[in-house]
Amino acid sequence: MDEEAYTLDGAVDRHGQPAIRARTGTWVSGILLLVNQGLATLAFFGVGVNLVLFLTRVLDQDNAAAANNVSKWLGTVYVFSLLGAFLSDSYWGRYKTCAIFQAIFVVVSSINLPLLRILIQAGKRPNASLFRLRTLQGLVLLSVSSSVFLLKPHGCGDEQTPCGSHSTFHIIFFYLSVYLVALGNGGYQPNIATFGADQFDEEHPTEGHAKVAFFSYFYLALNLGSLFSNTVLGYFEDQGMWALGFWAFTASAFLALVLFLIGTPRYRHFEPKGNPLSRFCQVLVAATRKWKAKMTQGDNSLFEVDKMKSAFNGDRKILHTDGFRFLDKAAIMTTKDHAEQDEKFYGRNPWCLCTVTQVEEVKCILRLLPIWLCTILYSVVFTQMASLFVEQGAAMKTNISNFNIPAAGMSSFDILSVAVFIFLYRFALDPIVAKIKSEPKGLTELQRMGIGLVIAILAMVAAGVVEVWRLRDAKEDCPNCVNASSLSIFWQIPQYMLIGASEVFMYVGQLEFFNGQAPDGLKSFGSALCMTSISLGNYVSDLLVTIVMKVSTKDDLPGWIPGNLNQGHLDRFFFLLAALTMVDLVLYVICAKWYKYIKFEGRNGADDNGDGGQMEHSV
């Protein structure tokens, strides 16, 4: 067959043979995975969209505790992304990892619902007789998830009807179930993004451009999937109809898995490269053993495998870069190494001699870390949408005539903003900037991420101003009421729209940046870095709320975020986040100026000047 018929990036089909371009991958597989992502996101947000309200209304937690628990749960979702990325890059490959974690996701969602339906219809807590029902399948798992949603009395959980108290035993099972959902979704998310990008050959001009576009559409699919959860399902759950929302959640998760499996014959794959931790340790050990070794002028003294062996393994060689010079010692060819090489290649001890590519892998990760750390505070801002934005909205005027707007549903404006700004960026802003710069590519990923930080600052300022107005109207119209203000919830629209715009620049830029800058054997890890940024952002938000409440409740004061927001100063917390993000922006600019792009050698021996063509870049 003509060599042009095969992909150039080393992808293989499901049988392990070189992938034929016309029969595998491209937008046929890409669109299927985008729909899969949308449905899976709908399923995930079937749990997450109103979790903060569920905790306050059903489990009777106060606002600060509910916000912290949501932050911890969301954080754990993305911590599991590291597990999924490790298994994918090292052993299972992306297809198998996605399939397994989606299956976990579907099983956990489906086992909750039969019992939930019985609980709601009976208006009772689960008891021993319920566990003995022979018509229900998966009895052990049902016992684990039996009290995920303890709705007593019947119909409780809406804004007017409080639920009864729950035992510690039941609370433990509730958290066990939702954290299993976190496991399934967390392990799946970073791999599906990278697996979708794998369907496009970045060394082919047309497919390489499509690969960049895929990340934008991937994030759009993620947001459109959550739109249904945030509007229709959010409304029904806000009215206490939790069962309806979770039946839709289960159906969506199951359909997503079916569609994923349907595309199996079409997918392109990359073989897992083995445990990256051992490769990293080999570099550190080899460099330490040769700490006295001297490098000659140039790169001639550094060891690298030949081009044919690198291409056979499906890897691109990474060109040597300056910086972290100590690590280069791991690739220095000593007299002993030359003797072993002359004898036979496979006699090389990887704990004594590493390749330049292996050393550059470690350098790459070390260079990514400062950029990654600077994105964590942005995620603190982002996570407020699922917690304090919702609590702020619930304390505002939510009625239009006889229709009640669920506070969590306001995040629909964030989703609409994401959709609008993705298309504005791709079809308006990026072409204009590219024309001004006289380059095929407009804003770089690092520039876009910096813009995202600036917009996030504006979002926090807007949220703080709205809270000042809300408190003003609450004190004038209802000084003694709990969570009441005459200020309309629609005043939250600007802060949601600004967050959505910042996501397009920050998170889409992150996906492209970490995927493009990660070595070939760590692509899923690159996507997981984006997810873990969100994870740590949730944990930092939890820590920040805890510190603020501890400091602000001294001398018997109610604190900035009390159960009754009318007695607090949530505005000060938003302004604090704006100030911290400004400091983070300064640090980010410094790190971006220091960063050096990874530079690959193409499989034809020429430099691959895609995203890694530039050696230095500044915001």
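Rounded, prolate or oblate: which fits segment 23-62, taking a ≥ b ≥ c as square roots of the Cα gyration tensor eigenvalues, rounded meaning a/c under 1.5, else prolate when a/b beats b/c? It is prolate, given that a/c is not under 1.5 and a/b is the larger ratio. Close amide-amide hydrogen proximity is noted between residue 6 and 21, each under 5 Å apart and 5 or more residues distant or on a separate chain (H modeled in the peptide plane; Pro and chain starts excluded). Close amide-amide hydrogen proximity is noted between residue 397 and 485, 487, 488, 489, each under 5 Å apart and 5 or more residues distant or on a separate chain (H modeled in the peptide plane; Pro and chain starts excluded). Applying 1/(1 + (r/R0)^6) with r as the Cβ-Cβ distance of residue 546 and residue 213 and R0 = 45 angstrom yields a FRET efficiency of 0.65. Sorting 600, 525 by solvent-accessible area of protein heavy atoms yields 525, 600, largest first, with a 1.4 Å probe.
Grab the Cα-Cα distance for residue 91 and residue 352, subtract it from 0.36 nm times how many residues apart they are, and report the gain in nm with one decimal.
Details: separation 261, 0.36 × 261 = 93.96 nm, distance 2.45 nm.
Difference between extended and current length: 91.5 nm.
In the complete set of protein chains, residue-level accessible area for residue 289 is approximately 150 Å², probe 1.4 angstrom. Each label was represented as a point 7 Å from its Cα along the Cα-to-Cβ direction; for residue 576 and residue 275 these points are 4.3 nm apart. So if R0 is 30 Å, what FRET efficiency would residue 399 and residue 564 give, r being the distance between their Cβ atoms, rounded to the nearest 0.05? The computed FRET efficiency comes out at 0.95. Among 585-597, 445-457, 401-413, sorting by the average number of other beta carbon atoms lying within 10 angstrom of each residue, highest first, gives 445-457, 401-413, 585-597.
Show 281, 530, 352 ordered by accessible area, largest first, where the area counts protein heavy atoms only and the probe is 1.4 Å.
Working: 281 65, 530 5, 352 35 Å².
Sorted by accessible area, descending: 281, 352, 530.
In the context of the full set of protein chains, residues of segment 353-422 present 25 Å² of accessible surface per residue (probe radius 1.4 Å, heavy atoms only).
Want the number for residue 590 to residue 468: 0.36 nm per residue separation, take away the alpha-carbon distance, what's left?
Values: separation 122, 0.36 × 122 = 43.92 nm, distance 3.37 nm.
Between residue 590 and residue 468, full extension yields an extra 40.5 nm.
Multiplying the residue separation of residue 22 and residue 206 by 0.36 nm and removing their Cα-Cα distance gives an extension gain of 64.9 nm.
Across segment 418-433, rounded Karplus estimates of 3J(HN,Hα) from the backbone phi angles (6.51 cos²θ - 1.76 cosθ + 1.60, θ = phi - 60°) give 4, 4, 5, 6, 5, 6, 4, 5, 5, 10, 10, 5, 4, x, 5, 5 Hz, Gly and Pro being marked x.
Computed with every protein chain present, the accessible area of residue 211 is close to 30 Å² [probe 1.4 Å]. Judged by the ratio a/c of the largest to the smallest principal axis of the C-alpha gyration tensor, segment 405-534 counts as prolate, that ratio being 1.5 or greater while a/b is larger than b/c.
Ligands, DNA and RNA excluded, the heavy atoms of residue 247 present near 110 Å² of accessible surface to a 1.4 Å solvent probe.
Could you tell me what percent of the accessible area of segment 354-396 is made up of carbon and sulfur, with a 1.4 Å probe and every protein chain present?
Exposed carbon and sulfur together represent 82 percent of the surface.
The values are calculated or read from the model by the stated rules, or taken from the named source; none is laboratory data. Fair warning: this is a prediction, and the values are worked out from it, not measured in the lab. Counting neighbours? That spans all protein chains shown, and the Cβs are built from the backbone with ideal geometry, glycine included. The protein model used for the area step is the full one, side chains on, heavy atoms only, and it has no ligands, DNA or RNA in it. Shrake-Rupley method; radii C 1.70, N 1.55, O 1.52, S 1.80 Å.
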